[in-house]
Amino acid sequence: MNAPASPPSPYSASKAQSKIEQHTLSVLADNEPGVLARVVGLFSGRGYNIESLTVAEVVHAEHLSRITIRTSGAPETIDQIRHQLERLVPVRQVTDLSEGGKGLERELAMVKVRGRGENRADALQLADAFRARIVDATTESFIFELTGKPEKIDEFVDLMRPIGLVEVSRTGVAAISRGPQPI
Amino acid sequence: MSKEMTGAEMVVEALKDHGVDVLFGYPGGAVLPIYDVLFQQEAVRHILVRHEQGAAHAAEGYARSSGKVGALLVTSGPGATNTVTGLTDALMDSIPLVCITGQVPTHLIGSDAFQECDTVGITRHCTKHNYLVKSIDDLCRVLHEAFYVATNGRPGPVVVDIPKDVQFARGVYAPPHNVQHKTYNPQMDGDTALIREAVRMMASAQKPIFYTGGGVINSGSPASTLLRELVALTGFPITSTLMGLGAYPASGDAWLGMLGMHGTFEANNAMHDCDLMIAVGARFDDRITGRLDAFSPGSKKIHIDIDRSSINKNVKVDLAIVGDCGHVLEAMVRVWRSEAMHAEKQQLGDWWRQIDQWRGRKSLAFRNSDKVIKPQYAVQRLYELTKDKDVYITTEVGQHQMWAAQHFHFDEPNHWMTSGGLGTMGYGLPAAIGAQLAHPGSLVVDIAGEASILMCIQELSTAIQYRLPVKVFILNNEYMGMVRQWQELLHGGRYSHSYSEALPDFVKLAEAFGAKGVRCYDPAGLDAAIKEMLDYDGPVLFDCVVEKSENCFPMIPSGKAHNDMLLADLSDDAGIELGAVIDEKGKMLV
């Protein structure tokens, strides 16, 4: 039986189709119970995308957490996401780090590769080119640690796949603004 | 003065300190310590409801009719989950509530204990904010914060979940003193430069209109006064959403009636054709805009709202002023006066002549009958027979709600309580109880439908217990009327499960509760029956048996623009061929 095609929303269909953009938002929030659930729930509840999300307390004395969210959507949707986040009571500040190219983004990945002989040599060579560090090794495997922009990690993982990729663990993006000023 | 006391005592102390004189609630295991404290004091009056949903709606009715915060107290588990509909309703309509829920003791949390539920998890999406208080040291701060968050900025419901051991624990309570939240500080004043720009745009507009919403009511009575002043100064026409009725008097010259799906011909056409729209405390809901890409295509739009995320959410605006509408309206009036602005009189004259033409269509007219009571006529008679009284109206949800909005006229804010955003059947009777408690000497009428009223009918027992003379005016057409109307429009007249079968005898039902029942079938006897209801000093269920197949017009069909309205066809008994009017796209809309 054919599942009925999901009907296009008559509301969004009538809107001018805008280009989908990827943005990185930095959210400073009180590190109180449930704050992450509020942020994540906002995205699921309103149908926004989360591509990656990282969170950690950054100022212990003030119980201040920094949440970095990579999201995608039309410019007006990104705007809406920002203002919806600002509306959450424990949220102090929301900054769009993708505006004007002011954000610096890094992600850490650990990549497990298994192989012998030529594949092993290839893996080492590529790791060297990507400035990946070996953090664990056996006679038939390596674990590489790699930091960089998410795209760089994607690229490295793609290269490892034919060589013998076993698994990948990624932290998600941490981001900060360039220059002397805080966000 | 800081004092040591138990957590339960702190709760009651905080209620007193925040001016709560009426608390709606229902006891249970996890709130017994708080009930024990309530038993030993008299400052806070506890109203025992019959279902926790009723407590939430009653608190809403109390809050909306008084401008104060509504408070409720319920137990853990089912007590908390039963409030979810009311909390969501309050969130959608921006009603300030503080809901105290009991919770199982902290050491049992997460163990699936008796009457345990994840209250903060469940209510996270239906509250403005919520708290689980795990330590007595946090309780005092959280209680004060809860009142602050509920009432400041865009108002909304706040849940404070208190485990039973925290209610027993002793700690230090300090009264609220300049309560400030470390992160939540909403912007009240609008940007002066933007306000000046807005006034300039207004002064040069040729076809302006004010479009106002519930935000004007929520801002407090000064906002309504200022709105009236600004309308008088500018001479602009004004329309309002369902939630905003009463902010500008329905008897005012500039009033065009409600806009939106069941709004008037003149209001919707003026919205469509205007060249400047000034949205004040309204949020461009889909019931207002109709088809978005055809919504007021030729106008510049100014949007005043305290919630930044409401701006550009559904409709892109040209000038956005973030701030409390009372503050912004005050500044607009001041700037308009100081710069001696005056609207283009000649041009406005043309605009008003156009509006008068639309008014001439008399879009709320209906064909009356001397054989059967028309629901619109029933609301009209109720209005005429009560307009010399201080009357507060609540409603349930459906056709009767729209007829009440169209044919009952409000000259003051806070006199009209209806579930606008969530559309909650069952809202009206408990809300009427809340309004009656806030205004003991006034007349409170719940205009209801026979289906809706059965959703919270148990609260009639509450009205009896506290001798609250609320009147329930049921427009009984034996159908979930709005569902039936849509089935007629969209589903080929297949009335799937919308007939109210096996209805109770409402007169006997009233008597069983200890209230008075009145029934009326006859248009000629309607006035006398309404008077009988009004003269009775106690709760009344009025079973007003009306025309079964009446549709609610005017109507903007789903997916249509404001200038594409359906009007009641008064010349043809067969009515309008509705099925052909809505296209496939429109049928997908709700």
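The values are calculated or read from the model by the stated rules, or taken from the named source; none is laboratory data. This one's a predicted model, so the numbers in the text were calculated from it and none came from an experiment. Using ideal geometry, Cβ is built from the backbone for each residue, glycine included, and neighbour counts are taken over all protein chains shown. For accessibility, only protein heavy atoms count, side chains too; no ligands or nucleic acids. Shrake-Rupley method; radii C 1.70, N 1.55, O 1.52, S 1.80 Å.
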Requested in this report: Let me know the Rg and Dmax you get for the range B:181-234 when you use only its Cα atoms, in Å.
Outcome: 13.8, 45
Requested in this report: Could you tell me which of rounded, prolate or oblate describes the range B:133-180, using a ≥ b ≥ c as the square roots of the eigenvalues of the alpha-carbon gyration tensor, with rounded for a/c under 1.5 and, failing that, prolate when a/b is larger than b/c and oblate otherwise?
Outcome: oblate
Query raised in the report: Given a 1.4 Å probe, how much area per residue of the protein assembly as shown is accessible, in Å²?
Result: 42
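I'd like the Kirkwood hydrodynamic radius of the range B:148-215, using the inverse of the mean 1/r over distinct C-alpha pairs, in Å.
After inverting the pairwise mean of 1/r, the radius is 17.1 Å.
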Query raised in the report: Could you list log10 I(q)/I(0) for the range A:73-183 at q = 0.11, 0.13, 0.20 Å⁻¹, which the Debye formula gives when each Cα is one point scatterer?
Result: -0.51, -0.63, -0.98
Query raised in the report: Using the Kirkwood radius built from alpha carbon pairs, what does the Stokes-Einstein equation give as D for the range B:12-148 at 37 °C and 0.692 mPa s, in µm² per second?
Result: 220
Query - For the range B:253-372, average projected area of the Cα convex hull in nm² - result: 9.8
Requested in this report: Calculate how many DSSP beta bridges within chain B are antiparallel, expressed in % of all such bridges and rounded to the nearest 5.
Outcome: 10
Query raised in the report: Which listed residue (B:Tyr211, B:Val507, B:Phe410) has the Cα farthest towards the positive end of the charge dipole for the protein assembly as shown, taking +1 on Lys and Arg C-beta and -1 on Asp and Glu C-beta about the Cα centre?
Result: B:Tyr211
Requested in this report: Using Cα centres only, tell me the gap between the range B:119-182 and the range B:1-71 in whole Å.
Outcome: 14
Requested in this report: Have a look at B:Tyr479, B:Leu15, B:Leu329 and report the one farthest towards the positive end of the charge dipole of the protein assembly as shown, computed about the Cα centre with Cβ charges (Lys/Arg +1, Asp/Glu -1).
Outcome: B:Leu329
**Report entry** the protein assembly as shown: translational diffusion in µm²/s, Stokes-Einstein, Kirkwood Rh over Cα pairs, 25 °C, 0.890 mPa s
**Finding:** 85
Query - Radius of gyration, Dmax [the range B:74-173; alpha carbons; angstrom] - result: 13.1, 37
Query - Shielding score for B:214-226, defined as the mean number of other chain Cβ atoms within 10 Å - result: 0
**Report entry** chain B, relative contact order in percent, only Cα pairs under 8 angstrom and at least six apart counted
**Finding:** 14
Query raised in the report: In peptide A:86-96, what is the residue-averaged number of other protein chain Cβ atoms found within 10 Å of each Cβ?
Result: 4
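Using a 1.4 Å probe over the heavy atoms of the protein chains, calculate the carbon and sulfur portion of the accessible area of the protein assembly as shown as a whole percent.
51
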Query raised in the report: Taking only DSSP H segments of four or more residues, each worth -39500 (n - 2.57), what value at 222 nm results for the protein assembly as shown once the sum is divided by all its residues, to the nearest 500 deg cm²/dmol?
Result: -10500 deg cm²/dmol
Query - Pairwise centroid distance, computed over Cα atoms, of the range A:33-76 with the range B:282-296, Å - result: 30
Query raised in the report: Average projected area of the Cα convex hull of chain B, in nm²?
Result: 27.2
Query raised in the report: What's the local net charge at A:Lys112, with K and R +1, D and E -1, over the other residues with C-beta under 10 Å away?
Result: -1
**Report entry** Shielding of B:304-315 by partner chains, average beta-carbon count, 10 Å
**Finding:** 3
**Report entry** Size of electric dipole in the protein assembly as shown: Cβ of Lys, Arg +1 and of Asp, Glu -1, about Cα centre, debye, nearest 20
**Finding:** 1080
Query - Considering only the protein assembly as shown, percent of DSSP beta bridges that pair antiparallel, nearest 5 - result: 45
Query raised in the report: What is the packing order of peptides B:298-306, B:225-233, taking the mean over residues of other C-beta atoms within 10 Å and listing the highest first?
Result: B:298-306, B:225-233
Query raised in the report: Based on the mean of other beta carbon atoms within 10 Å per residue, what is the order of A:148-156, A:42-50, most packed first?
Result: A:148-156, A:42-50
Requested in this report: Take the alpha carbon gyration tensor of the range B:354-425, find the square roots of its eigenvalues, order them as a ≥ b ≥ c, and report rounded if a/c is under 1.5; if not, report prolate when a/b exceeds b/c, else oblate.
Outcome: rounded
Query - Stokes-Einstein translational diffusion, the range B:133-279 - Kirkwood Rh over all Cα pairs, 0.692 mPa s, 37 °C, in µm²/s - result: 178
Report summary line: Between chains A and B, total accessible area buried, probe 1.4 Å, no ligands or nucleic acids, nearest 100 Å², roughly 2100
Query raised in the report: Among B:283-290, B:557-564, what's the highest-first ranking by average C-beta atoms within 10 angstrom per residue?
Result: B:283-290, B:557-564
Report summary line: Eigenvalues of the alpha-carbon gyration tensor of the range B:460-545, times 5 and square-rooted, give semi-axes in Å, largest first, of 29, 15, 10
Requested in this report: Quick one: grab the alpha carbon gyration tensor of the range B:320-448, order the square roots of its eigenvalues as a ≥ b ≥ c, and give me rounded if a/c is under 1.5, else prolate or oblate depending on whether a/b is larger than b/c.
Outcome: oblate
Requested in this report: Can you tell me the dipole magnitude for the range B:70-174 around its Cα centre, using point charges on the Cβ only (Lys, Arg +1; Asp, Glu -1), in Debye to the nearest 20?
Outcome: 220
Query raised in the report: Under unit Cβ charges (Lys, Arg +1; Asp, Glu -1), what dipole magnitude, rounded to 20 debye, does chain B have relative to its Cα centre?
Result: 780
